[in-house]
Structure formats: structure tokens, C-alpha cells
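Novice: Let me give you the structure first, and then I'll get to my questions.
The values are calculated or read from the model by the stated rules, or taken from the named source; none is laboratory data. Because the structure is a prediction, the values reported are computed rather than measured. Neighbour counts run over all protein chains shown; Cβ positions are idealised from the backbone, glycine included.
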Amino acid sequence: MTSLASSVAVVGTCSPKRLRHCSGPSRRLPTSQSVTKLKISSHCHEDSSLRLLVDEKAKPSLFARREILGFGLCSGLLSALTELHPSANAAEVSSCDFTVAPSGLAFCDKVVGYGPEASKGQLIKAHYVGKLENGKVFDSSYNRGKPLTFRIGVGEVIKGWDQGILGGDGVPPMLAGGKRVLKLPPELGYGVRGAGCRGGSCIIPPDSVLMFDVEFIGKAS
């Protein structure tokens, strides 16, 4: 994400560049003040319900705030995600022969990696496309032009991601350079709560089965 910079002297609006949800009336800064950065007032806040890979039971971390997975409530943002990267909708999930682990996680390796596997607690990088079971894309790191950076195996991401990349319980670890399709049952995703819920509508509805195309890049430098 680019840093938030604007010459617009309005506080309380919603900017998709930082994906913040703002409430309350708009306020204008004094016209005599030179504005080089849009200052977010106390009426604006990060929408914590939209930390889409962060386990909602885990304590929010710096990663959770800095690397929030591409969501905001600004009008048109979801459609922009798919328009920027049309191929994100065409992942060949149907061509995979899934193996189902005892936990309920299903996986299929599209490309077996060539590098080292991740170790618990290691800071790694991964690209991904996240979809609902019906194929609707809800997030993609490719659209943002940078992979996700996080610590694996310590609860910074949902359980299905930790197990799907790190391995365990019948799931082999991913190797750097590998590409894997993950199919997560609700209990390894967002469960009965769903995610991004507001006004009776959810980006990820409760009890959703989630599909992720994951590309494990490797250890973050």
C-alpha cells in the first residue's frame, strides 16, 4: 500500500489507499494550513473486523495493522480488486485432486517448490488469491502488487493458513517457490462469525468454506 498523501483538506472521508472506514461528519482543516498529508481524525478508525487473514481470537499485532488484507468499505473497492487482476478469477481449482487432512483442510499442490520449507515463527512472504466456494474473489495480494508478509505458525493468520503452509496433521509443508490450493472448512477460517460484516451483509458470510491459491515465496529478508 502506498502511504496516504493528499492535498484534499477534508477529514472524515474514506480513502481506499489506506482502506480505512470513517464515520461522523466531515470537517475542513483551516484553509491557512498547508496540507501535505491527509490527517485522519478520531472519527476514523481501522476496521478491525476486516483483518481478513488475522485470527480474530489472536491479539492484534503490528502486522495486523500494517498488512491488512486489501479490504475497505469504500464504494467500488471490491470490484476494483478483480478488475486489476482478472486472472485472479481463473484459478484452476477444479483441476486439482484434493487431499483432505484429518483437520478438514483440503490441499492440492499445483507447483511443488524447490526451496526450503518455513519454520514456526519465521517471517515469510506469500502471494494469494482468496475466494468463496462459489468462486467469488474477495481478496488478492497480486492486485496490490506486493506479497503478504507475516510470521507463520504463531496465530498471525487464520488456522488454515498456518497449517496449509507450515504443514502438520497430514499436510506436507510447502517449499519456497511452491503453489498450493487450500480449501478451508469454516472452523479453519472465520467460523460462525464470518468477516467484514456490517449492516446485515458480510464480505465473508458465516460458516463459509474458503478457497485460497497460495504462492509461498519464501523467507522475508
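Novice: Residues to consider are 122, 163; find the one that is modelled with pLDDT of 95 or more and over 18 Å from residue 105 (Cα atoms).
Specialist: 122
Novice: Could you please find all residues in segment 122-145 being part of a strand (DSSP E or B), under 18 Å from residue 179 (Cβ atoms) and either among the basic types (Lys, Arg) or touching a residue at least 60 places away in the same chain (Cβ under 8 Å) (or both)? Can you show your working first?
Specialist: Narrowing segment 122-145 to residues part of a strand (DSSP E or B): 123-132, 137-140.
Checking the rest, the ones that are also under 18 Å from residue 179 (Cβ atoms) come to 124-131, 137, 139-140.
Within segment 122-145, 124, 125, 126, 127, 128, 129, 130, 131, 139, 140 qualify.
Novice: Of the conditions (1) modelled with pLDDT of 95 or more; (2) touching a helix residue (DSSP H, G or I) at 6+ places or on another chain (Cβ under 6 Å), residue 196 clears all except one; give me its number.
Specialist: Exception for residue 196: condition (1).
Novice: Oh, and also: Any chance you could count how many residues in segment 97-127 are touching a Phe, Trp or Tyr at 6+ places or on another chain (Cβ under 9 Å) and within 20 Å of residue 187 (Cα to Cα)?
Specialist: Total satisfying the criteria: 7.
Novice: For residue 211, only one of the following conditions fails: (1) touching a Ser or Thr at 6+ places or on another chain (Cβ under 7 Å); (2) closer than 16 Å to residue 98 by Cβ. What is its number?
Specialist: Here residue 211 meets the rest and fails (1).
Novice: Is it the case that residue 142 is in contact with a helix residue (DSSP H, G or I) (Cβ under 7 Å, 6 or more places away or on another chain) and hydroxyl-bearing (Ser, Thr, Tyr)?
Specialist: Numbers: in contact with a helix residue (DSSP H, G or I) (Cβ under 7 Å, 6 or more places away or on another chain): yes; hydroxyl-bearing (Ser, Thr, Tyr): yes.
Against the criterion (in contact with a helix residue (DSSP H, G or I) (Cβ under 7 Å, 6 or more places away or on another chain) and hydroxyl-bearing (Ser, Thr, Tyr)), residue 142 qualifies.
Novice: For segment 180-221, how many residues meet the condition of being touching a Pro at 6+ places or on another chain (Cβ under 7 Å) and touching a residue at least 24 places away in the same chain (Cβ under 8 Å)?
Specialist: The number of residues fulfilling the criteria is 4.
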